[in-house]
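Read through the structure below, which is laid out as structure tokens, and then see the notes.
The values are calculated or read from the model by the stated rules, or taken from the named source; none is laboratory data. All figures in this text were calculated on a predicted structure; none of them were measured in a lab. Cβ atoms come from the backbone with ideal geometry, glycine included; neighbour counts cover every protein chain shown. Note: accessible area is taken over every heavy atom of the protein model, side chains too, but ligands, DNA and RNA are not part of it. Shrake-Rupley method; radii C 1.70, N 1.55, O 1.52, S 1.80 Å.
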Amino acid sequence: MPVAMSIPARHKDVNRAKVCDDNFTEFVKSWSGKPLHRPAPHEPVLDGSACTAADFLELFESQLVSRHLDLMARVLRVQQKVFYTIGSSGHEGNAMVARLARHTDPAFLHYRSGGFMAERFRKLPGMDPVMDSALSFAASKDDPASGGRHKVWGSKPLWVLPQTSTIASHLPKALGTAIAIEQARRIGHELPIPDDSIAICSFGDASSNHATAQTAFNTAQWTAYQRLPAPVLFVCEDNGIGISVKTPGGWIGNAFRHRDGLDYFFADGLDIASGYGQVQAAVEHCRRTRRPTFLHLKTTRIMGHAGTDFEIEWRSIEELMAVEATDPLLRSAEIALVSGLMSKDELLGRYEAMRARCFAAAEEADRRPKLTDLAEVMAPLAPFTPDKVAAEAARADYADRRLAVFGSEAKLPENQPPRHLAIQINQALHDLFCKYPEALLFGEDVAQKGGVYTVTKGLHKAFKNARVFNTLLDETMILGLAQGYANVGMLPMPEIQYLAYFHNACDQIRGEACSLQFFSNGQYRNPMVMRIASLGYQRGFGGHFHNDNSITALRDIPGLVVGCPSRGDDAATMLRTMMALAKVDGRVCAYLEPIALYMAKDLYEPGDGQWLTSYPAPDQAMVVGDERVYAPEARDLVIFSFGNGVPMSLRAARRIEAAKGWKVRVVDLRWLQPLNAAAIARHAGECDRILVVDEGRRSAGVGEGIITAVVEGGQGAKPLRRVVGEDTYTPLAGAAFLVIPSDDDIVAMAEALA
Ligand SMILES: Cc1ncc(C[n+]2csc(CCOP(=O)(O)OP(=O)(O)O)c2C)c(N)n1
Ligand SMILES: [Mg+2]
């Protein structure tokens, strides 16, 4: 007889949630073993187990919470009462990790860490994992994790920072948090959690192959290799599959068992009785040794990848049944029965009671309010308290520290002659490091060398290795570190060496850093000021990758603040304001430094020194969104620009004035995201003609945003032109000038406006 024919009908059901649900009941009912002597609460649940009966009973309850939330979601999704069905079924053993860690160990969780979450809820009194999760499943705005923005595992009191569903993207920041926990001591920073905390990070087996995961493992090893502490517990929840792609048998053990600096532990997540001691060994090792630790947690995946994954359509029924037979809840039921801790009736009673509790919570959650207002949806994305930010930016109560760093009153930068951009950024950094003892600056070559362009020169000497340091060469990890430091209350200033190299780490800002306030309903924040050497005009040197002029990838990141100063005094005041935005509102800021202007001293003629500026006193700051206007009285033509385009426009304006007799206003927008649309419309309204000078590309550049602001501001009928970079990479040598605007182009375009 073919095997399939011997399979009972109920096992052929498309609905595997139902099959697994029935399996549990069937298993318990048909169990015919003989119970052992019932262990006392403090005794091992089974002989030789590190897990006591008391541990087991609570862990089992957490497993049930997780399982019945999954089952509930599958049923109520079709009724539009639940909006998420990726479950944790088969992974419930991860509850052991939560039990053996503390609720103050920051946790960055895999979407299948429902058991972990339920167990962590026990750590604080008065919290209800079922109701809280149900609110999240229902996308109710009462959801304490995200306020109805996403189904996430997250909790402010429980130190679970919500994660996006981009797999592996949370590993760098988890490692960053672990490193930050240890670094706090070295900079005298008071942590919001105990000093011996560890960072916990769970993820799937397939995810472990991702480049973003690999950089975290590599960086953990790189750190441990130098005998630097990094108490991160990587928990690989290995179910042997990623959606439909099987992980080669034994791959995780093979890939991680022998990595220097990443201490490998295995635990059977399918069996609490044996897994508990193994998990305990890993957690205790990580906490005690402060070394990166890799816990390979064996799990299984039942009920498919998500509610929409009908496994029966692409897997054999025999294979499915074999997987379902490894359901860790069946093993827990067996432990409960064998140990004598529960009778069959008691076990089934608890199982059904938890089902009822989860459904009741879900029905209640369905009655709770949803997000119905756009402003409410967006509120946590870009918190902005302008008065507080302005006050903080201008706060200058650190005169003694500045004196110590700069040496004397006479040597204070504001008492020096006018200087160029690179020097003024450097002075501003020194100042801000005096102002914020929790500020850190790091990146490639930033320490002893002072950066490729010496912008950070002297900082390392003045503020030492714990605050100014070189990282390993990986932008994803640099930005992951930044999030880690921010997570424990520091003020990171990561440096990206060139704009072109931001792009390969973009997701750390786009998907992660900028989304944290949104997905945690403003409860978590990872403030930072990311400095990026940017833009073109390196006189033909360096080719595209050192002349990247495209900031398009930054401009549409929700919540990100992007600014680009074109001169030294603006650079100082903008940097102060960005630090205040980070400090006060938790904002993520991108500070674009135009490389070609770092050393620029002259504007019109060689030797005129007109691009040198005085250093603004430390109580001076720039208002967010504020533009700088040259010749505000001029009305014949307004030129909008930023960065390199500003001195070019000023030179061109002189020529246009000479040639046409027009008075030309030049507006340096300075803040590129959000763009100050009202200011753009106002200047456009006051002038007869409009020119936009954007060295970025024709398509999707800032220029498009400026034109939109002009048109939407009702000024679109006026003569209006753009001078922009072309849609190409920047070539080497003289050809570079073919693709980016020149002074001549601006003058010529003004002619076209006439
Ligand atoms: C960067 C990224 N690529 C692809 C996906 C789509 N995706 C979601 S889960 C998943 C498989 C993950 O498998 P694994 O890491 O083993 O976790 P499991 O679901 O098995 O627990 C994929 C490909 C994603 N979320 N993120
Ligand atoms: Mg997997």
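A few points about this structure:
- Residue list for the stretch 710-744, restricted to those being of a type in the set (K, R) and under 19 Å from R697 (Cβ atoms): R721, R722
- Selection within the stretch 223-242 - more than 13 Å from ligand 2 (Cβ to nearest atom) and among the aliphatic types (A, V, I, L, M): A224, L228, A230, V232, L233
- Scanning the stretch 651-667 turns up no residue that is farther than 24 Å from Q416 by Cα, β-branched (V, I, T) and under 27 Å from the mean Cα position of the chain (by Cα).
- Members of the stretch 641-682 found to be basic (K, R) and either at negative phi or at pLDDT below 95 (or both), listed by number: R651, R654, R655, K660, K663, R665, R682
- For the stretch 190-206, the candidate set comprises residues that are out of contact with any strand residue (DSSP E or B) (no Cβ under 8 Å at 6 or more places or on another chain) and either open to solvent by 40 Å² or more (accessible area, probe 1.4 Å) or of a type in the set (D, E, K, R) (or both); within that set, the residue that is farthest from ligand 2 (Cβ to nearest atom) is E190.
- Filter result (within 16 Å of ligand 2 (Cβ to nearest atom), surrounded by fewer than 24 Cβ atoms within 10 Å (Cβ to Cβ) and not hydrophobic (A, V, I, L, M, F, W, C)) within the stretch 142-177: S165, T166
- Residue count, the stretch 622-635 (criterion: part of a loop (DSSP other than H, G, I, E, B) and open to solvent by 40 Å² or more (accessible area, probe 1.4 Å)): 6
- Some residue of the stretch 259-274 being more than 27 Å from A50 (Cα to Cα), out of contact with any Pro (no Cβ under 8 Å at 6 or more places or on another chain), more than 16 Å from ligand 2 (Cβ to nearest atom) and among the basic types (K, R): yes
- All helices (runs of 4 or more DSSP H) inside the stretch 74-138 with 1 or more residues being of a type in the set (D, E, K, R) and either open to solvent by less than 40 Å² (accessible area, probe 1.4 Å) or in contact with a Pro (Cβ under 7 Å, 6 or more places away or on another chain) (or both): 114-120, 129-137
- The helices (runs of 4 or more DSSP H) found wholly in the stretch 323-432 and carrying at least 3 residues that are open to solvent by 60 Å² or more (accessible area, probe 1.4 Å) occupy 344-367, 374-378, 386-394, 399-406.
- Of the residues in the stretch 57-71, at least one is open to solvent by 20 Å² or more (accessible area, probe 1.4 Å) and either touching a Lys or Arg at 6+ places or on another chain (Cβ under 6 Å) or among the aliphatic types (A, V, I, L, M) (or both).
- Residue that is farthest from T25 (Cα to Cα) [pool: residues in the stretch 285-315 that are among the polar types (S, T, N, Q) and open to solvent by less than 50 Å² (accessible area, probe 1.4 Å)]: T289
- S169 being in contact with a Gly (Cβ under 7 Å, 6 or more places away or on another chain) and either within 15 Å of ligand 1 (Cβ to nearest atom) or in a loop (DSSP other than H, G, I, E, B) (or both): yes
- Out of M127, M131, M117, sole residue that is within 16 Å of ligand 1 (Cβ to nearest atom) and out of contact with any Cys (no Cβ under 7 Å at 6 or more places or on another chain): M117
- Test result for D205, within 16 Å of ligand 1 (Cβ to nearest atom), of a type in the set (D, E) and either at pLDDT below 95 or in contact with a helix residue (DSSP H, G or I) (Cβ under 9 Å, 6 or more places away or on another chain) (or both): yes
- E319 vs. criteria open to solvent by 50 Å² or more (accessible area, probe 1.4 Å), in a helix (DSSP H, G or I), within 16 Å of ligand 1 (Cβ to nearest atom) and within 27 Å of K12 (Cα to Cα): yes
- Within the stretch 364-388, residues that are under 18 Å from I557 (Cα atoms) reach partners that are among the aromatic types (F, W, Y) with beta carbons closer than 8 Å, at six or more positions or on different chains, in the pairs P380/F518; L381/F518.
- Of V739, V724, V747, all but one fail to be out of contact with any helix residue (DSSP H, G or I) (no Cβ under 9 Å at 6 or more places or on another chain), β-branched (V, I, T) and buried (at least 18 other Cβ atoms within 10 Å of the Cβ); the exception is V739.
- Strands (runs of 3 or more DSSP E) within the stretch 648-706 that include 1 or more residues out of contact with any Phe, Trp or Tyr (no Cβ under 7 Å at 6 or more places or on another chain) and open to solvent by 10 Å² or more (accessible area, probe 1.4 Å): 671-673, 690-697
- In the set (1) surrounded by fewer than 18 Cβ atoms within 10 Å (Cβ to Cβ); (2) more than 16 Å from ligand 2 (Cβ to nearest atom), N209 fails one condition alone, (2).
- Criterion: touching a Leu at 6+ places or on another chain (Cβ under 7 Å) and on the phi < 0 side of the Ramachandran plot - qualifying residue of A180, A220: A220
- Given (1) within 15 Å of ligand 2 (Cβ to nearest atom); (2) among the aliphatic types (A, V, I, L, M); (3) under 14 Å from A282 (Cα atoms), index of the condition V245 fails: (3)
- Set side by side, the residues F545, F519 differ, and just one is open to solvent by 10 Å² or more (accessible area, probe 1.4 Å) and touching a His at 6+ places or on another chain (Cβ under 7 Å), which is F519.
- Checking the stated criteria, A174 turns out to be touching a Pro at 6+ places or on another chain (Cβ under 9 Å) and within 16 Å of ligand 1 (Cβ to nearest atom).
- Residues that are more than 7 Å from ligand 1 (Cβ to nearest atom), open to solvent by less than 20 Å² (accessible area, probe 1.4 Å) and of a type outside the set (V, I, T), drawn from the stretch 234-251: F234, C236
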